[in-house]
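The values are calculated or read from the model by the stated rules, or taken from the named source; none is laboratory data. Values in this document were obtained by computation on a predicted structure and should not be read as measured data. Every residue, glycine among them, receives a Cβ derived from its backbone with ideal geometry; neighbour counts consider all protein chains shown. Quick note on the areas: whole protein, heavy atoms, side chains included, nothing else; ligands and nucleic acids left out. Shrake-Rupley method; radii C 1.70, N 1.55, O 1.52, S 1.80 Å.
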Amino acid sequence: LKGSYSSSPERLELTSYEGKLGKGLVRGSLNVEDFANPFVDLRIEAKVDLNYLRNFLAIDTLKEMHGALDINANFSGFVKEIPDKGLTAFRKIAASGSMVVTDAGFRLKNNPLEFEDFTGKIILKDADLEVSGFKGRISQTDFMLTGLCKDLLLFFITSDHTAKIDANLVCNKVDLDQLLQNKDDGSSDGDYKLEFSSRIFADIGLSVADLKFRKFSAKQIRGRMFLKNQVLSAPMLKFMAMDGSVEMQGEINASKPGSVLISCESQFRALDIRKLFYELENFGQEVMVDKNLKGKITADVQFASVWSPSLEVDLDKVYTKANVTIENGELIDFEPMLALSRFVRLSELRNIKFSKLQNQIEIKKQLIYIPQMEIKSSALNLTASGTHSFDNDADYHIRLLLSELLGKKVRDNKTEYGDIQDDGLGKTTIFIAMKGKADDPKFTWDKIGQQAKFQADIKTEKQNMKEVLNKEFGLFKKDTTLYKKSEPVKPKSGISIDYGDKETNDPKDETRKSTTKESRRDAINNLFRKKE
């Protein structure tokens, strides 16, 4: 050391200092005035072994540290006011310089993550840090960061100041299982804790070659992510996953203590549906799982859910609405379809193939809502709608043609119901209700479905006739229903079979249809009576 000290006024001046820290070298100059409110003027050049430097750092959580640090920096200003006045005090400070990190790494107590291979250059300008090609590895996750971190020194020195990050992040591999692992007590794999600092605002351009989280994996991730007020949002992310492509807009809101809101809007294009269900853990339900499905899915999906900070989902607060198209699909050992074995041979129902299926699915409060859809498959053509709970309770309404049903039965087992002949009209419709546990449902005549259709058809025909007579002859002028949209008919109890017959004045047709009706009634009654 070379310099001087005076007590009035208080002043310490080291015109030069030089020393060794392990194998490293430290040198520079130092000037301190007024020890009660110190004004510090510091110049430092240092090549430091971080393992030796650790002994001088009052960080209780630091377990080990290694690597090399090359510092060339200048600092001038009052330092006592910084913790209290923050940015106001920092504006009176001049700080500049650079720091080069080479092969650095560290470990923290009670933290399973390994921070290794940190290399890059950091440029200091007042309270801001500019990062140029800074790269490293956190356990199995690697990264390279380039950008500006404003007020980052204030973030570490004070307890209330925010840091603003504007950067680009490039990763070859990201393992979120490791990064989100609970760090408080060194918990085992699978125990997560999701938290965002309320004092960090970030705008990050993202490029990730390979990402993994639980069973989910994605490649070629591109987009931007924003962190503000403990809300992580992505206005547009694109990536490849599950043998297809995905575009999504979403956010993770961790601002409310004790819960995390995850929501997104996604567009799936030609995804492998089995991989989709498997990697997204069957969307938290066990009704239809990955092993039941094959095919390519294209869908527009809205999703919202509430989770705990340890990433346990609240099933009552899962909402999904999806417009779905499945092509070249297969339904394999799906319990609600297997239950139809009383109508169709079981072997045909174990693997049902269809070329295309379209529908809108809604999930809320642990119920899957399925609007009416037409299924044309290798086993059976039918129309179905209903609900299915996460507890595997089914409530389905099924409509199918008698010719379709009898044709299957006769083709599979001609002796069970005798030699039943269809009338060839193909118009007899059977309405079936299926309720109960999906692995053991109860079948009944669907009187509600039949009567609703019957009354709707009658009202439509009546209305059409009135409109024709009004147009041709001017009748029913005072009938206001001609100028109003028909209201849906409320269903009432009634018969469950639509025989598809229209009114006729031909006695021969009436006789033939009467005979046909009786034969079809007998066939249907035999079909259900045999099982019962």
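When the gyration tensor of segment 15-167 is built from Cα positions, what are the square roots of 5 times its three eigenvalues, in whole Å, from largest to smallest?
Ellipsoid semi-axes (Å, largest first): 26, 20, 16.
Find out how many positive minus negative residues lie around residue 109, taking Lys and Arg as positive, Asp and Glu as negative, among other residues whose Cβ is under 9 Å from that of residue 109.
Neighbour charge sum, excluding residue 109 itself: +1.
Whenever you get a sec, line up 340, 42 from highest to lowest accessible area (probe 1.4 Å, protein heavy atoms).
Ranked list, largest accessible area first: 42, 340.
Where Lys and Arg each count +1 and Asp and Glu each count -1, what net charge lies around residue 74 among other residues with Cβ under 12 Å from its Cβ?
It works out to a net charge of -1.
May I ask you to give the percent of accessible area on segment 248-297 that is carbon plus sulfur, with a probe radius of 1.4 Å?
Ligands and nucleic acids excluded, carbon and sulfur reach 55 percent.
Classify segment 233-346 as rounded, prolate or oblate, taking a ≥ b ≥ c as the square roots of the eigenvalues of its Cα gyration tensor: rounded when a/c is under 1.5, otherwise prolate if a/b is larger than b/c and oblate if not.
It comes out oblate by the Cα gyration axes.
Classify segment 232-284 as rounded, prolate or oblate from the Cα gyration tensor: take a ≥ b ≥ c as the square roots of its eigenvalues, call it rounded if a/c is under 1.5, otherwise prolate when a/b beats b/c and oblate if not.
Cα axes put segment 232-284 in the oblate bin.
For segment 265-359, calculate the relative contact order in percent as a whole number, restricting contacts to Cα pairs under 8 Å that are 6 or more residues apart.
Taking the mean separation of contacting Cα pairs over the length of segment 265-359, I get 25 percent.
Can you figure out the FRET efficiency of residue 365 with residue 219, using R₀ = 41 Å and their beta-carbon distance, to the nearest 0.05?
FRET efficiency, residue 365 to residue 219: 0.75.
Counting only heavy atoms of the protein chains, get the accessible area per residue of segment 208-324 (1.4 Å probe) and round it to a whole Å² value.
Per residue, segment 208-324 has 50 Å² of solvent-accessible surface.
State, as an integer percentage, the relative contact order of segment 15-59 based on alpha-carbon contacts under 8 Å between residues 6 or more apart.
34
For segment 1-86, taking Cα atoms only, what is the radius of gyration to one decimal and the Dmax to the nearest whole Å?
For segment 1-86, the Cα radius of gyration and maximum Cα-Cα distance read 15.2, 43 Å.
What does the net charge come to around residue 141 if you take all other residues with beta carbon closer than 9 Å to its beta carbon, with K and R at +1 and D and E at -1?
Combined, the nearby Lys, Arg, Asp and Glu give 0.
Taking the Cα of residue 243, stepping 7 Å toward and past its beta carbon, and measuring to each backbone N in segment 299-326: which are under 20 Å?
Answer for segment 299-326: 299-300, 324-326.
Which percent of the accessible heavy-atom area of segment 49-161 goes to carbon and sulfur, probe 1.4 angstrom?
55
Rounded to the nearest 20 Debye, what is the dipole magnitude of segment 1-154 about its Cα centre when Lys and Arg each give +1 and Asp and Glu each give -1 at the C-beta?
In total the dipole reaches around 120 debye.
Rounded to whole Å, give me the distance from the Cα center of segment 266-317 to that of segment 1-56.
Each part's Cα centre sits 60 Å from the other's.
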